[in-house]
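The values are calculated or read from the model by the stated rules, or taken from the named source; none is laboratory data. Quantities reported herein were computed from a predicted structural model and do not represent experimental measurements. Cβ sites come from the backbone with ideal geometry, for glycine too, and all protein chains shown count toward neighbours. When the accessible area is computed, the model is the full protein with side chains, heavy atoms only, and any ligands, DNA or RNA have been set aside. Shrake-Rupley method; radii C 1.70, N 1.55, O 1.52, S 1.80 Å.
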Amino acid sequence: MPIWYGGDYNPEQWTEETWDDDIRLMQRGGISMATVGVFSWAKLEPREGEFEFGWLDRVLDKLHAGGIRVDLATATASPPPWLTHRYPEVLPVTENGIRLYPGSRQQYCPSSPVYRRLAARLATAIVERYKDHPALELWHINNEYGCHVSRCYCDVSAEAFRVWLQAKYGTIAAFNEAWGTAFWSQRYGEFAEVYPPRAAPTLKNPTQLLDFDRFSSDELLECYRAEAAIVREVSPGVPVTTNFMGFFKPADYWKWAAEVDVVSDDAYPDPADPRSPAYAAMERDLMRSLRHGQPWLLMEQASSAVNWRKRNAPKGPGQQRALSYQSVARGADGILFFQWRQSVAGAEKFHSGLVPHAGTDTRVWREVEQLGGELAQLDRVAGSRVLAKTAIVFDWDSWWSIEQTATPAEISYVQNVFAWYAELWRRTVAVDFVRPIDDLSGYVLVIVPSLFAATGAAQKNLDAFAREGGTLLVTYQSVITDENAHITPGGYLGVLRETLGVWIEEFAPLAAPDLEATGVRPAPDIRVESELLGSSDAEIWAEYVHAPDAEVLAIFAEGALAGWPALTRNAVGSGAAWYVATQPAGEALGRLVVRLIDDAGVFGVVDIVPEGVEAVRRGELTFVINHSMASGVVALQGMDLATGAAVTEVSLEPQGVAILTTAS
Ligand code: GAL
Ligand code: ZN
């Protein structure tokens, strides 16, 4: 099986003469897969019900003749102008009642029956026509669901929300109870009185917000499901995907991933941000985790600059290659780009392509050819897996809940997760992401950052993990509410009070480093002290924790919190349950992570890597990737795949990559 290589191909932007040139160049570049038709609705159905497939027939035939496989889109991502002109009710409405107009893309209400009907008809026509086309490899449903319009507040959506709520709660009494409507005179007499959380005088009902987050993710998923069902019926046996966007708040990808045959993902790390390789690694690990280790596809990345940041840095020499190998190392069986040929018109004409404006006598093109040649030699990695003994719990309900406005402080859920991930990444420790209710028996260390909303089942599952011998770390702002956004009373933490041997009396949020503007003033001089962590600044959070049963390993050192526990450990069953009531800053966090992995018996892929270097084992191969601008040396025994030589260390140029076969 090959590692796929290619990208979005938008032939409708070019003349047919260019198409022949495209195929020749694709062959030269080692391209094996093209994603076709993503934004072709207006060209495929220029008038309602009139389809023009001739041009696409010719494109697919040419690709097939050139030996290039096709990831064929259902083309429903951007409704054409005739559609929203004739059916303006399809246009989505924002929280403030503003209707979004055509002239861009994705201008549809996810709940719109008209949109769904016309999308289904287009998808059916495409699938019926191309189901037996010899170039067909994969079906690509829509594109980046929710990327721009993840929710709609129109009257159609309001009605769909009511139907969703009624199905969920059954009775208006159960609904009122769940939404806590005794508060602020919000009791509803019937579902007809309920609205989406449109602009309101002040803080909105938290359960209304949470349910609307869930509903909005589900509505988009319904759009996906409807198209996927058509594909599966008409074109059985051909795998189906839709491209995800890493940590994307509006779509609960745990739920989505169960509905695709292969996970695919789009990745646009900022080339100018030195933290982005670690963050990108975290996103790629999520993608691998969504279907429990199954290989996935990098569906989109940029060959160089994007066009949607304030300043769009190009990727430096070798950077695209290093980031591509990062995905391969973390489980990708395909490396694809947006887009093949850089556009000359339209809103993305400054977005890089595999074939740049300047042509093929360019660094970008040479790097495209180089990587294509290399990946063609790497068949052996396809299908192989990454094994992790450490897991981080990631949960969309908690993400949605903790980032509501009516909370103790503004917190970034993903940044909290990233703080822990980054320390493990620097130590080359393999990490899977898991849901709180997943089977954790394959892990020895589980980190639970700010699991704000937790069901009883989740609490019991985490408790059992520790009791059965695992090392569990729970951080501040966990199990604060249940699944209905109601407080877990009696000192928070629910079942985990027993597990952790602590309870929480009161919160004392600190200013987060990046959130100075929120008006939360830093408590003066909050530091933590301990033998384990040293003396360290505390960031983001502090609280008054009682530790009747747990060993106190660090205390807050100054101010009103002086002497209160900041870090605890409780021996429970045959395992250990740690609780941390703050975010230790700087090296202290690293020291804590080292202690946890030592206790749990987890090892990195290599002992020490220079700053900016990552190491990942996938199957029998170890990838060492240098994302920094400095050369580096890593001690590692194995056979260097490039030279065939046995080595005991690898030297890496800036952005260099080494691949070794190693004994595991
Ligand atoms: C993605 C999208 C592509 C293209 C790309 C540019 O969000 O799927 O169509 O717009 O971004 O970075
Ligand atoms: Zn709507």
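The set of residues in the range 230-276 that are within 16 Å of ligand 2 (Cβ to nearest atom) and basic (K, R) is empty. In the range 212-224, how many residues are open to solvent by less than 10 Å² (accessible area, probe 1.4 Å) and within 16 Å of ligand 2 (Cβ to nearest atom)? Adding up the residues that qualify gives 7. Of all residues in the range 286-312, those satisfying the criterion of being within 13 Å of ligand 1 (Cβ to nearest atom) and either modelled with pLDDT under 95 or part of a strand (DSSP E or B) (or both) are L298, M299, E300. What do you reckon, is E227 under 23 Å from W41 (Cβ atoms), within 16 Å of ligand 2 (Cβ to nearest atom), touching a residue at least 40 places away in the same chain (Cβ under 8 Å) and part of a helix (DSSP H, G or I)? So E227 does not fit the description; no. For the range 151-167, the count of residues that are assigned to a loop (DSSP other than H, G, I, E, B) and either in contact with a Phe, Trp or Tyr (Cβ under 6 Å, 6 or more places away or on another chain) or away from ligand 2 (no atom under 16 Å from the Cβ) (or both) is zero. Restricting attention to the range 187-210, does a residue exist that is of a type in the set (K, R) and either part of a helix (DSSP H, G or I) or within 13 Å of ligand 2 (Cβ to nearest atom) (or both)? Taking every residue of the range 187-210 in turn, at least one turns out to be of a type in the set (K, R) and either part of a helix (DSSP H, G or I) or within 13 Å of ligand 2 (Cβ to nearest atom) (or both).
Against the conditions (1) open to solvent by less than 20 Å² (accessible area, probe 1.4 Å); (2) more than 16 Å from ligand 1 (Cβ to nearest atom), G237 satisfies every one except (1).
Of the strands (runs of 3 or more DSSP E) lying entirely inside the range 567-640, those carrying at least 2 residues that are in contact with an Asp or Glu (Cβ under 8 Å, 6 or more places away or on another chain) are 575-580, 621-626, 632-640. You will find that of L91, L56, the residue that is away from ligand 1 (no atom under 16 Å from the Cβ), more than 29 Å from A200 (Cβ to Cβ) and buried (at least 19 other Cβ atoms within 10 Å of the Cβ) is L56 and no other.
Among the residues of the range 94-115, those identified as over 11 Å from V149 (Cα atoms), within 26 Å of the chain's Cα centre (by Cα) and more than 16 Å from ligand 1 (Cβ to nearest atom) are E95, S111. Taken over the range 642-664, the criterion of being within 25 Å of F603 (Cα to Cα), part of a loop (DSSP other than H, G, I, E, B) and either open to solvent by less than 50 Å² (accessible area, probe 1.4 Å) or among the polar types (S, T, N, Q) (or both) is satisfied by Q655, G656, T662, S664.
Scanning the range 23-56 for residues that are within 19 Å of P134 (Cα to Cα), in contact with a Leu (Cβ under 9 Å, 6 or more places away or on another chain) and either within 16 Å of ligand 2 (Cβ to nearest atom) or of a type outside the set (G, A, S) (or both) returns I23, M26, I31, M33, T35, V36, F53, W55, L56. Sub-6 Å Cβ pairs linking a first residue in the range 292-305 that is in contact (Cβ under 8 Å) with a residue 40 or more places away in the chain to a second residue that is assigned to a loop (DSSP other than H, G, I, E, B) and among the basic types (K, R), at least 6 apart or interchain, are G293/R385; S304/K315, ordered by first then second residue. The set of residues from the range 20-39 being farther than 14 Å from G373 by Cα and open to solvent by 10 Å² or more (accessible area, probe 1.4 Å) comprises D20, D21, I23, R24, F39. Of the residues making up the range 136-148, none is open to solvent by 10 Å² or more (accessible area, probe 1.4 Å), small (G, A, S), within 16 Å of ligand 1 (Cβ to nearest atom) and in a loop (DSSP other than H, G, I, E, B).
Taking the criterion of being away from ligand 1 (no atom under 13 Å from the Cβ), under 21 Å from L290 (Cβ atoms) and either polar (S, T, N, Q) or not in a loop (DSSP other than H, G, I, E, B) (or both), the residues of the range 326-356 that qualify are Q326, S327, V328, A329, A332, D333, G334, I335.
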